[in-house]
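This report refers to the structure that appears directly beneath it.
No lab work stands behind these numbers, since they all come straight from the coordinates. Here the structure is a predicted model, which means the values were calculated and not measured. Every residue, glycine as well, gets a Cβ built from its backbone with ideal geometry; the counts of neighbours run over all protein chains shown.
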Amino acid sequence: MNRRRWLKRLLTKVIIVVGMMATVVPTYAHFQMIIPSDEIVSAGESRQLKLDLIFTHPFEGMGLNMKKPERFGVWVAGKEIDLLDTLQEIDYQDRVGDILSAYQARYKIRKPGDHLFFVEPQPYWEAAEEHFIIHYTKTVVNAFGMEEGWDHELGLPVEILPLTRPYGLWTNNLFRGIVKHKGKPVPYARVAIEYYNEKGEVTTPADPFITQLVKTDANGVFAFSMPKSGWWGMAALVKSEKAMSRDGKDYPVELAAVLWIKTDDIER
């Protein structure tokens, strides 16, 4: 075999191996995050909340650049308040050392009751999978002991409606929620769940442990028990009926209803 033919065969083998490797590299789940400095504000505590809005892979700590959201607000005591102008762009350093754009807001709690903070980000182009991603994200902060409003439906295009109160949760509590799209339950929807491994202290024996996956039942209901204290993100995935254009071509859009909840150990 001459050298030219040998090099050609070697190159072909390299291409095949690289292609095989590409098919087994895991695709980590994206999560839009909205993390408040506290999920329960009791009487006598500081009323000033800090809210961090980050787009990332929460378990692996690999961040992505975030553009200014389309909407950001809070629902409390039957009223929705626009907070978009309170957002400040910040530099966010992820765990691998990349400096990325994120957003932060401060909000002073003035009323008792449940505060439903929500964000609608700009569509994110996922080049590897050739589709757009929009994560309609919310979290609930309780104030001054009035536990009313946590099960309110905001009317987002896709939304997780809690069936379990989404705060005051012990580690290993069973959380239940219903996934809705345009106000209707979504049967057999995939729900991706990840732990916010902020400091990287949690390691896994294999990649499937990174993103937990459950499906809703015929009534759109899912359940999950959180095995560790901290913040957990739940992203229910729904395909949009509408496509979005990029460079003159239409691409599918993946919608996600995201809810962030926090658990605490019963012995602290």
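Remark: the residue 67-residue 126 segment gains 19.8 nm on full extension, using 0.36 nm per residue and subtracting the alpha carbon distance.
Axis of helix 3-24 versus longest Cα principal axis of the chain: the two differ by about 20°, to the nearest ten degrees.
If you filter segment 163-215 for chymotrypsin sites (Phe, Trp or Tyr not before Pro), then keep DSSP loop positions with at most 15 other Cβ within 10 Å, what is left?
Values: sites: 167, 170, 175, 188, 195, 196, 209; in loops: 167, 188, 196.
Here the sparse-neighbourhood loop sites are 188.
If each DSSP helix of 4+ residues adds -39,500 (n - 2.57) and the sum is divided by the residues in the chain, what number results at 222 nm, nearest 500 deg cm²/dmol? Write out the running numbers ahead of the final one.
Values: 1 runs with 22 residues, N = 268.
Helices in the chain give a 222 nm mean residue ellipticity of -3000 deg cm²/dmol.
Holding the Cα-Cα limit at 24 Å, pick out from 180/249; 79/242; 50/138; 50/184 the pairs that are longer than that.
Numbers: 180/249 29 Å; 79/242 30 Å; 50/138 15 Å; 50/184 33 Å.
In this structure, 180/249; 79/242; 50/184 lie more than 24 Å apart at Cα.
Residue exposure proxy: 225, 101, ordered by other Cβ atoms within 10 angstrom of their Cβ from fewest to most, comes out as 225, 101.
P(r) for segment 29-264, from all Cα pairs and a bin width of 10 Å, is 8, 33, 39, 18, 2, 0 %, short bins first. Ordered by the number of other Cβ atoms lying within 10 Å of each residue's own Cβ, fewest first, 150, 232 fall into the sequence 150, 232. The residues neighbouring residue 254, those whose beta-carbon lies less than 15 Å from its own, together hold a net charge of -2 under the Lys/Arg +1, Asp/Glu -1 convention.
For segment 135-212, the alpha carbon convex hull comes to 137 Å³ per residue, rounded to a whole number. As a rough footprinting exposure proxy, the listed residues 264, 98 were ranked by other beta carbons within 10 Å of their own, and the order from fewest upward is 98, 264.
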